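First comes the structure, then the notes that go with it.
What follows is calculated from the coordinates using simple rules that are stated; it is not laboratory data. Every value quoted in this text rests on a predicted model; they were computed, and no experiment measured them. Heads up, the Cβs are rebuilt from the backbone with ideal geometry, glycines too, and the neighbour counts pull from every protein chain shown.
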Amino acid sequence: MGLLANAWNAVGDIGVWAYEEATIYRRQRQSMGRIGQAEALARLQAAEYGHVERVTDISVADFRDRFLLRRQPVIVADGLRDWQARELWSFDYFAREFGDMQVQLQDAGFRPRSEVGLRHYLEQIVQRPAVQLGEMDLDLEYLRYTYDSYFKHLLFTWGYGHRVKTGSFSFRAFQQIREHWGRPYFLPAAGYRIPWVQPGSLHPNERMCQDWGLYFSAPGACTRLHVDGMRSNAVLCQIAGVKSGWIFSPSLEGAARCAAEGGEAEALPPSGSDTADRIWRFDLQPGEIMLIPRGLTHEVHTLSPSISLTYNFVTNEEWPAYFRYKSERGAGWIAKAPIAGVPEFKRIYQAASQSAPVGVAANAGMGVPSLV
Ligand SMILES: O=C(O)CCC(=O)C(=O)O
Ligand SMILES: [Fe+2]
């Protein structure tokens, strides 16, 4: 990418950030009332409960019209089909290439925890046996990202990462594994507002996108119920192991949060034309990529030793709706406790997996593809 294009991208990013800061975060949001436990649980019980749809060989136009613009979660089962990462990346690969590095782990709510050697951490992860959804160990620490300085992070986001000297695992890995992965084949090449790419194409392997991370986690590890900080879309690209959990419709944001945390939460109204209360369960397998649509609440559980790559984005076409939604609801949040452990919610998902439709394995997520 040319020097001028990079500079223009940087100016665009700063402009978008300043505009959001000035218009969204500085504004007082109107309170939307409160929702209590009993009502929250009743809403979750009555919600439509289904599996995230799985597709293969989907075109950019179809993906955009059926899923991205409508904020429907989807799993693209052949998502990694053109990534060398599928063959190259493994726990051994990362232990061999980066094992001597120190990494800072996080808890289930993204808060920094202990610092350990990467090789040691990976050895611990792979030894742990697979679990079922709902079996968690909240003390397990999680490797998501290790950014050693904010300034360096900015240089990576503007495409100068290859010139940066760094001792941080995420940055070093980003520099070294660039050839092994790329923009998923079903995502548009151009027309992004976050990160700012106009004109030109987005190469997320050259320019570090928002919330980029190479995630390593053990069976039983969890990322608690949350909405991503920027309320942008995320792609969760699964290289090894299985992850499961749920995504909630916009209308259930308040109810899900309230159920997870106990007490009360802000009651958030439905948004857009799709007003139904929905819970989507997912079982993400190696080789697959899931879209977590912008602004939706989700919780993620690792069921077997896992390597994932993730990043966030917003396209030009989504921008007005993205912006409106974020002005209504504010920034993302993370719940104080996981929703998987709430007994009433447990009953909902356990009953649903016992009555799984034909073709959906009851033990989905235990290494067996859930849709056959
Ligand atoms: O894969 C995970 O555990 C969590 C992914 C996610 O939702 C995030 O990083 O925001
Ligand atoms: Fe997330």
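Can you give the local net charge around Cys258? Use residues other than it whose beta-carbon is closer than 10 angstrom to its beta-carbon, Lys and Arg +1, Asp and Glu -1.
-2
Just how far, in whole angstrom, is the range 276-332 from the range 138-155 if you go by their alpha carbon centroids?
19
When the helix-only estimate is applied to the chain (DSSP H runs of n ≥ 4, each -39,500 (n - 2.57), divided by the residue count), what is the mean residue ellipticity at 222 nm, nearest 500 deg cm²/dmol?
Result for the chain: -7500 deg cm²/dmol, rounded to the nearest 500.
Taking other Cβ within 10 Å of each residue's Cβ, how do Arg224, Arg207 sort, fewest first?
Ordered by Cβ neighbours within 10 Å, fewest first: Arg207, Arg224.
Kindly put Lys152, Lys346 in sequence by how many other C-beta atoms sit within 10 Å of each C-beta, fewest to most.
Listing Lys152, Lys346 from fewest to most nearby Cβ atoms yields Lys346, Lys152.
Which whole-number percent is the relative contact order of the range 118-194 (Cα, under 8 Å, 6+ apart)?
Answer for the range 118-194 is 20 percent.
With unit charges on the beta carbon (Lys/Arg positive, Asp/Glu negative), name the residue among Gln84, Leu68, Gly117 whose Cα is farthest towards the positive pole of the charge dipole of the range 49-144.
Leu68
What's the exposure ranking of Glu97, Glu115, going from fewest to most Cβ atoms within 10 Å?
Glu115, Glu97
Can you report the principal axis dimensions of the chain using only the alpha carbons, biggest first, rounded to whole angstrom?
Computed over the Cα atoms, the extents are 55, 48, 40 Å.
Is the shape of the range 193-303 best called rounded, prolate or oblate, per the rule: a/c under 1.5 gives rounded, else a/b larger than b/c gives prolate, else oblate, with a ≥ b ≥ c the square roots of the Cα gyration tensor eigenvalues?
Because a/c hits 1.5 or more and a/b fails to exceed b/c, the range 193-303 counts as oblate.
Between Asn312, Asn233, Asn205, where does the largest GNM mean-square fluctuation fall for the chain, given springs only between Cα atoms within less than 10 Å?
Answer for the Gaussian network model of the chain: Asn205.
Rounded to whole Å, give me the distance from the Cα center of the range 57-81 to that of the range 186-252.
14
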